[in-house]
Amino acid sequence: MSAAVKMSSLSKWYGDFQVLKDIDLKVAAGEKLVICGPSGSGKSTVVRCVANLEPYQGGDLSVLDTAPDKVRRGDVGMVFQQFNLFPHLSVLDNLTLGPIRVLKQSRTEAEARARDLLDRVKIPDQADKRPGQLSGGQQQRVAIARALCMEPKVMLFDEPTSALDPEMIAEVLDVMEELARDGMTMICVTHEMGFARRVADRIAFMDAGEMVEIGTPDQVFTAPKSDRFADFLDKILSH
Amino acid sequence: MTRFLPFAALLLLASCAGQPGTWGWYVVDPTTANGWVNIKFLLRGFSSTIQVSLLAAFASIIIGLLITMPGLSANRWVRLPNRIYVEFIRAIPLLPMLFWVFYGLPVVMKSMGIQINIDPFWGAVITLAISDSAFTAEIFRSGIQAVPRGQTEASSVIGLSRAQTMRYVILPQAIRRILPPLANQFIYIVKMSAFASVIGMQELTRRANELVVTEYRPLEIYSLLILEYLVLVLIISSAVRWLERRMGADER
């Protein structure tokens, strides 16, 4: 099995401003990668390129052995910082929209699977509510379930807990950890270093559009190679 | 607001009594034979005004949708026709456009070898529809663009096509923002249909004008005319409010 995600010299500009500078990265199938870095470092942009939400201007990117825009629909799932649930649909309809319209499942089939997944993210009894009636943590778990309904091979997380109150962060991270244990290929942009230490196979550090350092949690937490990463860890771990 | 109504009515009544030569409600007094004939003559204008307004509003929505679509593109060259149409049509006052459609369009068509005769009714429908469509298009565009970008992105990552995203995610959310201003625009059409009187369409205003010419009582007849529009617009605007309440209750 080749890499799930592979990028070489990936570069992207907004006008004259280069947001990604020659990023090289390989994520193997089943691997869990955490990307961290200060805001504006380009970490979200990397993930959004993989999800085919952003075009890039230089380098190569292959996702599941093909170009990002050729990936089978639904194979790459993504969870956003702002949840982005569909506010006009019930929780259940949020989950079944993709399976019914894209995977052409029957409604009964899609609903059965959706209820299973709501069970798995521990909100079985909210299926008929609107997203606006749920707490932030619950909404984010619905968003995870919505992505899983498409039976993705890779899951992307773009700061999934940054918009949540502290007491809700744990419930979302628990669901993500469980997903990791089930062998999902995951790329997470997050500052939750406890989660990174427990779950990540590797941690990548980005700054100013560059991939500064990448290594196993043991490596980077005990002896980061670059000063910039050491500074960053110092800042976020001392709080 | 409601407190002033009895006061205004009193003022009106007071001015009717006494001094001869001010008010002469006899022209539209339903208890006299002549007054009743006049009233019926005026009220018959409702059907044309309503028909023209409904047809024009319907056509305006269709044209507006067609004009909106290129306006949503990320490519500025694709957006250009939308901008030109909206800016151009919006800049033309209704009355000149009405004259142009009624007197000019048949000539243009004739020069292209198409012989058509535009009657006042269709002249009014076409003009109101085109004039209003620029506004309708803007209402559609702003309603659709007000749906957050994240909704499109979330649709994209669960694999929905662009058309599916429009149909199942964007439009159902945009419609809440579109309907209230669209209904307001309908009120505008109803009022502007009065201009059709100048090309001879027998709607509310035209009939009032004709009656004024024979009865020489402009004050009473135009007062009644205003009342006719007021009733029509109040009915529509209460429907709009009902619609807004329903939309709002649906939100959460």
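What the table below lists for this structure:
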read-out: Filter result for residue B:133 (surrounded by 18 or more Cβ atoms within 10 Å (Cβ to Cβ), in contact with a helix residue (DSSP H, G or I) (Cβ under 8 Å, 6 or more places away or on another chain) and of a type in the set (Gly, Ala, Ser)); value: yes
read-out: Residue list for the range A:41-91, restricted to those being within 14 Å of chain B (Cβ to nearest Cβ), over 19 Å from the mean Cα position of the chain (by Cα) and over 15 Å from residue B:156 (Cβ atoms); value: A:87, A:88, A:89, A:90, A:91
read-out: Qualifying residue in the range B:179-192 (condition: out of contact with any Gly (no Cβ under 6 Å at 6 or more places or on another chain), within 14 Å of another protein chain (Cβ to nearest Cβ) and either crowded, with 20+ Cβ neighbours inside 10 Å or at pLDDT below 90 (or both)); value: yes
read-out: Test set (1) in a helix (DSSP H, G or I); (2) more than 28 Å from residue A:5 (Cβ to Cβ); (3) in contact with a Ser or Thr (Cβ under 6 Å, 6 or more places away or on another chain) - residue A:128 fails condition number; value: (1)
read-out: Residues located in the range B:195-208, provided they are small (Gly, Ala, Ser) and surrounded by 20 or more Cβ atoms within 10 Å (Cβ to Cβ); value: B:196, B:197, B:208
read-out: Given (1) under 30 Å from residue B:204 (Cα atoms); (2) touching a Leu at 6+ places or on another chain (Cβ under 8 Å); (3) surrounded by fewer than 21 Cβ atoms within 10 Å (Cβ to Cβ), index of the condition residue B:145 fails; value: (1)
read-out: Residue match in the range B:163-180 (condition: in contact with a His (Cβ under 6 Å, 6 or more places away or on another chain), of a type outside the set (Phe, Trp, Tyr) and in a helix (DSSP H, G or I)); value: yes
read-out: Residues located in the range B:157-178, provided they are out of contact with any Asp or Glu (no Cβ under 8 Å at 6 or more places or on another chain), at the interface with chain A (Cβ under 9 Å from one of its Cβ atoms) and crowded, with 18+ Cβ neighbours inside 10 Å; value: B:157, B:158, B:159, B:160, B:168, B:169, B:173
read-out: Of all residues making up the range A:103-126, the number that are surrounded by fewer than 18 Cβ atoms within 10 Å (Cβ to Cβ) and of a type in the set (Gly, Ala, Ser); value: 2
read-out: Matching residues in the range B:190-204 - criterion: being of a type outside the set (A, V, I, L, M), in a helix (DSSP H, G or I) and more than 12 Å from the chain's Cα centre (by Cα); value: B:197
read-out: Number of the exception - residue A:73 against (1) crowded, with 18+ Cβ neighbours inside 10 Å; (2) in contact (Cβ under 8 Å) with a residue 12 or more places away in the chain; value: (1)
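Yes/no per residue for (1) in contact (Cβ under 8 Å) with a residue 40 or more places away in the chain; (2) part of a helix (DSSP H, G or I):
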site: B:31; (1), (2): no, no
site: B:61; (1), (2): yes, yes
site: B:83; (1), (2): no, yes
site: B:97; (1), (2): no, yes
site: B:103; (1), (2): no, yes
site: B:108; (1), (2): no, yes
site: B:113; (1), (2): no, no
site: B:131; (1), (2): yes, yes
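The values are calculated or read from the model by the stated rules, or taken from the named source; none is laboratory data. Because the structure is predicted, anything quoted here is derived from the model rather than measured. We place every Cβ from the backbone using ideal geometry, glycine too, and count neighbours over all the protein chains shown.
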